[in-house]
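Any read-out appearing in this document is the output of simple, stated calculations on the displayed coordinates, not a laboratory observation. Values in this document were obtained by computation on a predicted structure and should not be read as measured data. Note that we place each Cβ from the backbone using ideal geometry, even for glycine, and neighbour counts take in every protein chain shown.
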Amino acid sequence: MTAKRILPRAENLMNRHVHAVTPDMGLANVVKVLLQHKISCAPVVNEIDGGRRILIGFVSEQDCLEHLSNEMFHGNPRPQQTASTIMKKHPICVAVDTDVFTLSSIFVSHGFRHLPVVDSDNHLLGLISRREILKALECFYDQTNDAYQIEHFPPDVHQIINHRFLMRDD
């Protein structure tokens with residue numbers, strides 16, 4: 001009888017403690033948030049009553065690097081750069097019930113490092129990274145491989161019993 005293995009889902013793998021930025025935050029402050037928290041990206045959110053955050057975009061180190069270096073090389077732009085002017089609008093998001101193989105496929109196909117996890121109203125619930133997916137796949141692989149070995153190559157009980165009663169010629 002095969003034990004049913006449950007696929008890991010985004011809900012179990014995501015980081016719920018996400019450092020986000022607001023759309024009106026200046027470029028220099030966005031950079032400070034990324035550096036201060038040692039993160040490579042941040043969701044851009046509008047905060048609404050009750051502490052809920054609606055995802056409106058996503059900003060990465062790459063976005064900041066591009067705009068900050070351009071600003072420094074070409075001079076200060078007008079109007080001032082903010083999270084809303086440099087962010088990727090309409091980022092690809094996943095739901096809490098997205099399974100680990102779908103998540104893996106999205107990461108591989110698009111080259112992302114992080115994906116926001118949202119509910120049906122686009123409220124930010126968490127963030128999931130490639131590393132979490134890799135860890136989950138490794139663990140699932142180990143469990144699956146162990147179960148396969150037990151199911152297809154069970155130990156030979158007769159051999160184990162015979163080892164117990166082997167006699168030595170002394």
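Just a few scattered comments:
- When each of the peptides 87-97, 107-117 is scored by the mean number of other C-beta atoms lying within 10 Å of its residues, the order from highest to lowest reads 107-117, 87-97.
- Relative contact order (%) - criterion: Cα under 8 Å, at least six apart; region: region 10-164: 26
- The length gained on full extension between residue 137 and residue 68, counted as 0.36 nm times the residue separation minus their Cα-Cα distance, comes to 21.2 nm.
- Cα gyration tensor, region 10-164 - rounded (a/c under 1.5), prolate or oblate: prolate
- In this rough spin-label picture, where each label sits 7 Å from Cα along the Cβ direction, the residue 17-residue 61 distance is 2.1 nm.
- Label point of residue 144 set 7 angstrom out along Cα-Cβ; within region 112-135, amide nitrogens under 15 Å from it belong to 133-135.
- The overall shape of region 47-123 is oblate: from the C-alpha gyration tensor, with semi-axes ordered a ≥ b ≥ c, the ratio a/c is 1.5 or greater and a/b is no larger than b/c.
- Förster radius 41 Å - calculated FRET efficiency between residue 29 and residue 99, Cβ distance, rounded to 0.05: 0.65
- Among 139, 64, the ranking by other beta carbons within 10 Å of each residue's beta carbon, starting with the fewest, stands as 139, 64.
- Counted by neighbouring Cβ atoms within 10 Å, the residues 44, 21 run from fewest to most as 21, 44.
- Packing-based ranking of 47-54, 129-136, 22-29 yields 129-136, 22-29, 47-54, ordered from highest to lowest mean Cβ neighbour count within 10 Å.
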